[in-house]
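Only one structure is covered here, and it is reproduced in the block below.
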Amino acid sequence: MALFNPSRDEVREFFYNAWQKQLSAGVLTPLEMMACDWIKLHPEYHPILSSKEALLQEFIPEQGQTNPFLHLSMHLSISEQISIDQPPGIKLLAKQLSQKLDSEHEAQHKIMECLGRALWESQRSGQTLDAVAYIESIRKLL
């Protein structure tokens, strides 16, 4: 089974094109609609997503820069995880965290930190993502 594994440039083009369609009242695919919903919640990214030249920009965490494309991709990944409840339990935990924080957006940011740690651990160890540890780290936020 092949996994969807777009290149860095493909990810950037996807978000740029989705935002351009949104701005011009174009027809969006369901995934583009979801992406634009998250983009709307991040006005700080609007200038980047409005500039074709910005697609080439490097974002250096050591200089305090957040990569908007990575951030938005993680929002989409978490939204997908929640929609299909994979890993099992994430849907309920996300709902509970959203209620606790009174914000789905802030809940996703907290989950994003957990996902980032889980991905880092996975890459560091050369193992697949530990879904149990990932879910447990979200549970600890409650």
Counted charge near TYR16, where neighbours are those whose Cβ lies closer than 13 Å (Asp, Glu -1; Lys, Arg +1): -1
Pairwise label distance in nanometres, GLU10 with MET112, each label 7 Å out on the Cα-Cβ vector: 2.3 nm
Overall Cα dimensions of the chain - principal axes, largest extent first, Å: 41, 37, 33
Ranking by accessible area, most exposed first, for ILE90, ILE84 with a 1.4 Å probe: ILE84, ILE90
Cα lying deepest toward the dipole's positive end in the chain, options LEU28, LEU70, CYS114, charges on Cβ: CYS114
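How many percent of the accessible area of the chain is carbon or sulfur, using a 1.4 Å probe? Intermediate values should be presented prior to the final figure.
Numbers: 5110 of 8900 Å².
Carbon and sulfur together cover 57 percent of it.
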FRET efficiency estimate (nearest 0.05) - Cβ-Cβ, GLN86 to LEU41, R0 30 angstrom: 0.80
ARG124, ARG12, reordered so the largest accessible area comes first (probe 1.4 Å): ARG124, ARG12
Rounded accessible area of ASP102 (nearest 10 Å², 1.4 Å probe): 140 Å²
Size of electric dipole in the chain: Cβ of Lys, Arg +1 and of Asp, Glu -1, about Cα centre, debye, nearest 20: 280 debye
Within-13-Å neighbourhood charge of PRO6 [Cβ basis; K, R +1; D, E -1]: -1
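Going by the alpha-carbon gyration tensor, a ≥ b ≥ c the square roots of its eigenvalues, is segment 1-77 rounded (a/c under 1.5) or, if a/c is not under 1.5, prolate (a/b greater than b/c) versus oblate?
Details: a/c = 1.62, a/b = 1.14, b/c = 1.42.
It is oblate, given that a/c is not under 1.5 and a/b is not larger than b/c.
The values are calculated or read from the model by the stated rules, or taken from the named source; none is laboratory data. Just so it is clear, the structure is predicted and the values come from calculations on it, not from any experiment. Every residue, glycine among them, receives a Cβ derived from its backbone with ideal geometry; neighbour counts consider all protein chains shown. SASA here: full protein model, heavy atoms, side chains in, ligands and nucleic acids out. Shrake-Rupley method; radii C 1.70, N 1.55, O 1.52, S 1.80 Å.
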